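Participant: If you scroll down you'll find the structure; I have some questions about it.
The values are calculated or read from the model by the stated rules, or taken from the named source; none is laboratory data. Keep in mind it's a predicted model, so treat the numbers as computed, not measured. Reconstructed Cβ throughout: ideal geometry from the backbone, glycine too, with neighbour counts over all protein chains shown. Surface areas here come from the heavy atoms of the whole protein model, side chains and all, with no ligands, DNA or RNA. Shrake-Rupley method; radii C 1.70, N 1.55, O 1.52, S 1.80 Å.
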Amino acid sequence: MDKKTDINKNTELISDKINEDITQVEEGAVLPLIAMRGIIMFPKMLLHFDVGRDKSILALNEAMKKDRLIMLVGQKDVKVDDPGANDLYKIGVVAEIKQIVKSRTENLRVVVEGRYRAVVNEYESFSPFINAKVARMDLNPVRKNQTAKAEALLRTVKDLFEEYCSLSPRMPNEIIENIIFEDDIVGISEYVAGNIILPMEDKQKILAESSPVKRLELLAAILDKENEILSLEKDIYDKVRDQVDKNQREYYLREQLKAITTELNDGENPTDDAYAFMDEIYKLKLDKAVEEKLINEAERMLRMSPSSSEYAVSRTYLETCLSLPWNKSTKDKINLQKAQQILDKEHYGMKKVKDRIIELLAVRSRTPDINGQIICLVGPPGVGKTSIAKSVAKTMGREYARMSLGGVRDESDIRGHRKTYVGAMPGRIINSIRQAKSNNALILLDEIDKLGNDFRGDPSSALLEVLDSEQNYAFVDHYIEVPFDLSKILFIATANDLSTIPAPLKDRMEIIELSSYTRDEKFNIAKEYLVAKQIKHLGLKASEIKFKDEAILDLIDYYTRESGVRNLEREIASICRKVTRDIVAGETHRVTVDSKLVIKYLGGHKFKPELIGAKDEIGLVNGLAWTSVGGEMLQVEVAVLKGTGKIELTGQLGDVMKESAMAAVSYIRSCADKYGIFPDFYKENDIHLHVPEGAVPKDGPSAGITMCTALISALANIPVKHDVAMTGEITLRGRVLPIGGLKEKAMAAHRAGIKTIIIPKENEPDIELIDEVIRKEINFIAAEHIETVLENALVKTEKPKKTEKTKKTKATDNSKLAYTEE
């Protein structure tokens, strides 16, 4: 027989025994025990409760088999389903089962009457039900010297109970009368405790106390505390009721005023707008401070004439505030595989950036409430910074808004203008949120490095609060004048140059650098994205125009010179427009664009390829430079002339670059003998160092080893390898220090046909960031000292054999200042 059938059988046995006589339990008898959840039983108390646990039903069955007496003990934690000895109170009540009623469920409704207090001395078993050895526990008698005190406590308890009843009017009159006329100090303590709402722990304390006087003291303290709490509850209720009455009165008066105003204005009520604003404000369920501010503004409108200027200001202000997405947000839809597909479809390359965005989405999926992630994408123009931000918003399912910061010089553009001024409006942050219509949108801070400042304030300082997760949860725009939570918004910034961003603002953002596109990347982007985009944009069909690979490569090499693909797209669009013109004019039906057609449509080549010289030369070294549009070749020329020791630096060199040249000269002077250079070269000769393209300003320390190599080549009359380029800063001791922009410089060297690049030793880890195609075709040499640079850059020549008679003479030729041996 299964357990459920056994329980049903036991229930039938309970019903059969319900009317048998009750016998007195013997001292120390073993009784079945029921653990009471949330209920404390008292002697002489009639109680009904539901029984549902299997052990409790079996205990009832056991009690009905014998004498219908059962031990009821309070359970300390109501959440415990199968209590043990430590989960039950020691002291309880032996009760007589009066009635059992079956319910529709498996539970039983049991009616019991408390007989006397008892203590559990020992638990006999806990299975299949709880059996306990119990002993009767009578109260201590009241001593003669405590009679007066007991009488006083009895009166106190009655008074406190009357006060309790006045504060809790739901108490039945029958119970009140029984307690008022009760003179038994034992009976009153149990009767009061059993019939009022008290915490279970307090009731158990009263039950466990054996001294009647101490019971009354404990009950009086508990009643006093309960009366104090009930009194506070009543005060709170009265205040709430008064407030509700006040609101109803105000509503009634407003309706009367509304009716009167409508009659006076021929059926048109100018206060309808104010009341409509109030209804919208209450519907939004804003924070108390925000709601109070907006309601006060709406109430001001009620007191103003619609023809006044102040009325228009208040109306515009409320319309602006109510148009904000206070409680509107979108749910993030994060699917890493789909996000990767979207990023790969819309952007070619950019592995580092894509990986970081996937990481951001993965973290968001695990911790949706995380704040403070602000990303700044730094890179040259046209590499896809803005489009990456759009893709992130698309992958997350968030609304997108772009805020251009280029040329912003006024702090009010960020924080807004105070509404007291004519033409006041919110700042760009609030306007972007209104545009996005979501309080967790993605907002792009475009061109954050172009912020300016003047006498009107510093907008970059205003952005410090916006981008600080510890402060932006309560951003206050000067116009709306109430806090707005920006912590849920995902900010992504873009910049071209990190050096112009203030340090405190930079510290609040995670910098991700986007490098220039390689030639192969530009080719793939144009072939897979740009051509199809322009064909669709200009109304062409794919069958009407086709670009050959050679045409795209010519556009990259001869018609654009940029780090991104913006100008490349313009040139493709220009060709597509001309093809559209020819097709519409009926001159052709299908065009295949090759190198000849590119020249026909766009004219001759705009840029000549940066190709290295065909032979090794003295005093001419290939340097590398970084610009905002990518890497460039930077040749350095040195000429040594007879003179008075002047050093001429030309080519629009900046201060840092001039200082690098002087450091190179000083290093050569310190070790001239090592390279066979006349020690007094700096006194009797003029040195002219020139960097071509003199119209273009140049600066930075990375040309230090380039200028040093060119000087040594010219002074020692040793040619420099024509297929070697170099970059690195030099010190007075000849150490080679690290530089930046290695990837862009390597791309420029690869474009020019360079076979070897000499870089600082500390830049060796940056080689991994360079495109694999370039790494295979170019040999990178890491140098810690200028000696390594010279060893790999200068052409090795055989030294003439020394004779017994040697005489050092100074060369007379302008380009030969090294010592020769005769």
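Participant: Heavy-atom accessible area per residue, segment 480-559, 1.4 Å probe: how many Å²?
Facilitator: Value for segment 480-559: 45 Å² per residue.
Participant: If you count only protein heavy atoms with a 1.4 Å probe, what accessible area per residue comes out for segment 650-749, rounded to a whole Å²? Could the numbers behind the result be given before it?
Facilitator: On the way: 3680 Å² over 100 residues.
Per residue, segment 650-749 has an accessible area of 37 Å².
Participant: Starting from the Cα-Cα distance between residue 646 and residue 239, subtract it from 0.36 nm times their residue separation and give me the gain in nm to one decimal.
Facilitator: Separation in residues times 0.36 nm, less the Cα-Cα distance, equals 137.2 nm.
Participant: Which value, in Å² and to the nearest 10, is the accessible area of residue 756 when all protein chains are kept and the probe is 1.4 Å?
Facilitator: Spelled out: residue 756, probe radius 1.4 Å, area about 20 Å².
Participant: Still on this model: Which shape class, rounded, prolate or oblate, goes with segment 50-120 when its Cα gyration tensor gives a ≥ b ≥ c as root eigenvalues, a/c under 1.5 marks rounded, and past that a/b bigger than b/c marks prolate?
Facilitator: It is oblate, given that a/c is not under 1.5 and a/b is not larger than b/c.
Participant: Now a separate question. What does the charge count near residue 474 come to, summing +1 for each Lys or Arg and -1 for each Asp or Glu among other residues with Cβ under 15 Å from its Cβ? List each step's numbers first, then the result.
Facilitator: Numbers: positive: 288, 293, 415, 488; negative: 287, 465, 468, 470, 477, 481, 485.
Summing Lys and Arg as +1 and Asp and Glu as -1 gives -3.
Participant: Below 11 angstrom from the Cβ of residue 762, what's the summed charge of the other residues (Lys, Arg +1; Asp, Glu -1)?
Facilitator: Overall, the nearby charge balance is -2.
Participant: Would you kindly compute the Cα radius of gyration of segment 287-439 and its largest Cα-Cα separation (Dmax), both in Å?
Facilitator: Looking at segment 287-439, its Cα Rg and Dmax stand at 20.3, 63 Å.
Participant: If you don't mind, there's one more thing I want to ask. Charges at C-beta only: +1 for Lys and Arg, -1 for Asp and Glu. How large is the resulting dipole of the chain about its Cα centre, in Debye rounded to 20? Spell out each step's value before the answer.
Facilitator: Values: 121 positive and 131 negative charges, 595 e Å.
I would put it at about 2860 debye.
Participant: Return an integer: the convex hull volume of the alpha-carbon atoms of segment 583-735, in Å³ per residue.
Facilitator: Details: hull volume 22.8 nm³, N = 153.
It is 149 Å³ per residue.
Participant: Rounded to the nearest 0.05, what FRET efficiency do residue 359 and residue 488 have when you use their Cβ-Cβ distance and R0 = 30 Å?
Facilitator: Once the sixth-power term is evaluated, E becomes 0.95.
Participant: Non-local amide H neighbours of residue 685 (under 5 Å, H modeled in plane, Pro and chain starts lacking H): which ones?
Facilitator: Hits under the 5 Å cutoff: 643, 645.
Participant: Right, another one. Just to verify a number: FRET efficiency for residue 735 and residue 256, C-beta to C-beta distance, R0 = 56 Å, to 0.05?
Facilitator: Between residue 735 and residue 256 the formula returns 0.05.
Participant: On to the next question. Answer rounded, prolate or oblate for segment 460-503, using the Cα gyration tensor with square roots of eigenvalues a ≥ b ≥ c: rounded when a/c is under 1.5, else prolate when a/b is larger than b/c, else oblate.
Facilitator: Note, shape of segment 460-503 comes out prolate.
Participant: Tally up the carbon and sulfur contribution to the accessible surface of the chain as a whole percent, 1.4 Å probe, everything protein left in place. Don't skip to the end; give the middle numbers.
Facilitator: Working: 21280 of 43270 Å².
Whole-percent figure for carbon plus sulfur exposure: 49.
Participant: Let me ask another. Please check which bits of segment 693-710 a label hung off residue 785 would reach, taking the label as a point 7 Å along Cα-to-C-beta and the cut-off as backbone N under 18 Å.
Facilitator: Output list for this probe position: 705-706, 708-709.
Participant: While we're looking at this one, here's another question. Which one of 384, 100, 734 is farthest out on the positive end of the charge dipole of the chain, using unit charges on Cβ (Lys, Arg +1; Asp, Glu -1) and the Cα centre as origin?
Facilitator: Going by the Cα projections, it comes out as 734.
Participant: For segment 98-114, just list the computed ³J(HN,Hα) in residue order, Karplus coefficients 6.51, -1.76 and 1.60, θ = phi - 60°, integers in Hz, with x standing in for Gly and Pro.
Facilitator: 3J(HN,Hα) across segment 98-114, in whole Hz: 9, 7, 10, 10, 6, 9, 5, 8, 7, 6, 10, 9, 10, 10, 10, 10, x.
Participant: At a probe radius of 1.4 Å, what is the per-residue accessible area of residue 468, in Å² to the nearest 10?
Facilitator: So the heavy atoms of residue 468 present about 30 Å² to solvent.
Participant: Can you tell me the 0 to 90 degree angle between the C-alpha axis of helix 54-65 and the longest principal axis of the chain, rounded to 10?
Facilitator: 10
Participant: Another one. Quick one: which residues, 5+ away or cross-chain, put their amide H under 5 Å from the amide H of residue 98? H built at 1.01 Å from N.
Facilitator: Here 111, 112, 113 satisfy the definition.
Participant: So if we plug the beta-carbon distance of residue 658 and residue 578 into 1/(1 + (r/R0)^6) with R0 = 51 Å, what FRET efficiency do we get, rounded to 0.05?
Facilitator: Efficiency, rounded to the nearest 0.05: 0.60.
Participant: Could I ask something else about it? About the Cα centre of segment 693-782, how large is the charge dipole given +1 on each Lys and Arg Cβ and -1 on each Asp and Glu Cβ? Please answer in debye to the nearest 20.
Facilitator: Details: 11 positive and 12 negative charges, 58 e Å.
Dipole of segment 693-782, to the nearest 20 debye: 280 debye.
Participant: Shape of segment 310-351 from its Cα gyration tensor (a ≥ b ≥ c, root eigenvalues): rounded if a/c is under 1.5, otherwise prolate when a/b > b/c, or oblate? Display every interim value, and only then the final one.
Facilitator: On the way: a/c = 7.94, a/b = 3.10, b/c = 2.56.
Prolate shape, in that a/c is at least 1.5 and a/b is the bigger ratio.
Participant: Tilt of helix 288-302 relative to the longest C-alpha principal axis of the chain, in degrees (0 to 90, nearest 10)?
Facilitator: 90
Participant: Out of residues 5 or more away from residue 513 or on other chains, whose amide H comes under 5 Å of its own, with H placed 1.01 Å from N in the peptide plane?
Facilitator: 378
Participant: With Cα Rg over 2.2 N^0.38 Å defined as stated, name the option among (1) 1.68; (2) 0.97; (3) 1.64 computed from the structure displayed.
Facilitator: Here Cα Rg over 2.2 N^0.38 Å agrees with entry (3).
Participant: A further question follows. Taking a 1.4 Å probe, which of 230, 324 shows the most accessible area, and what order do the others take after it?
Facilitator: 230, 324
Participant: Ignoring everything but the protein chains, give the 1.4 Å probe accessible area of residue 282 in square angstrom, nearest 10.
Facilitator: Rounded to the nearest 10, that gives 120 Å².
Participant: Please report, in debye to the nearest 20, how large the charge dipole of segment 134-264 is about its Cα centre when each Lys and Arg carries +1 at its beta carbon and each Asp and Glu carries -1 there.
Facilitator: Roughly 260 debye, rounded to the nearest 20.
Participant: Also: Subtract the Cα-Cα distance of residue 684 and residue 305 from 0.36 nm times their separation in residues, and report this length gain in nm to one decimal.
Facilitator: This chain segment gains 127.3 nm when fully extended.
Participant: Related question: What's the local net charge at residue 736, with K and R +1, D and E -1, over the other residues with C-beta under 9 Å away?
Facilitator: Net charge around residue 736: -1.
Participant: Divide by every residue of the chain the summed helix terms, -39500 (n - 2.57) for each DSSP H run of at least 4, and state the resulting mean residue ellipticity at 222 nm, rounded to the nearest 500 deg cm²/dmol.
Facilitator: -13000 deg cm²/dmol
Participant: Given the Cα-Cα distance of residue 511 and residue 670 and 0.36 nm per residue of separation, how much length would full extension add, in nm?
Facilitator: Separation in residues times 0.36 nm, less the Cα-Cα distance, equals 53.1 nm.
Participant: Enumerate the residues in segment 510-537 having an amide nitrogen under 20 Å from the point lying 7 Å beyond the Cα of residue 342 toward its Cβ.
Facilitator: The answer is 529.
Participant: Using the Karplus equation 6.51 cos²θ - 1.76 cosθ + 1.60 (θ = phi - 60°), what ³J(HN,Hα) coupling, rounded to whole Hz, does each residue of segment 143-160 give in order, writing x for Gly and Pro?
Facilitator: Running phi through 6.51 cos²θ - 1.76 cosθ + 1.60 with θ = phi - 60° gives 6, 4, 6, 10, 4, 5, 5, 5, 5, 5, 5, 4, 5, 4, 5, 5, 4, 5 Hz.
Participant: Shifting gears a bit: With θ set to phi - 60°, apply the Karplus curve 6.51 cos²θ - 1.76 cosθ + 1.60 along segment 249-256 and write out the HN-Hα couplings as whole Hz, x wherever there is a Gly or Pro.
Facilitator: After applying 6.51 cos²θ - 1.76 cosθ + 1.60, I find 5, 4, 4, 5, 5, 5, 5, 5 Hz.
Participant: Related question: Per residue, how many Å² of accessible area does segment 169-260 show with a 1.4 Å probe?
Facilitator: Result: 64 Å² per residue.
Participant: Over the chain, what is the mean sequence separation of C-alpha contacts under 8 Å (at least six apart), divided by residue count, expressed as relative contact order in percent? Display every interim value, and only then the final one.
Facilitator: Values: 1429 pairs, mean separation 55.7, N = 822.
With pairs under 8 Å counted, the relative contact order is 7 percent.
Participant: Which one, 164, 123, 146, projects farthest toward the positive side of the charge dipole computed for segment 114-170 from Cβ point charges (K/R +1, D/E -1)?
Facilitator: Selected residue: 146.
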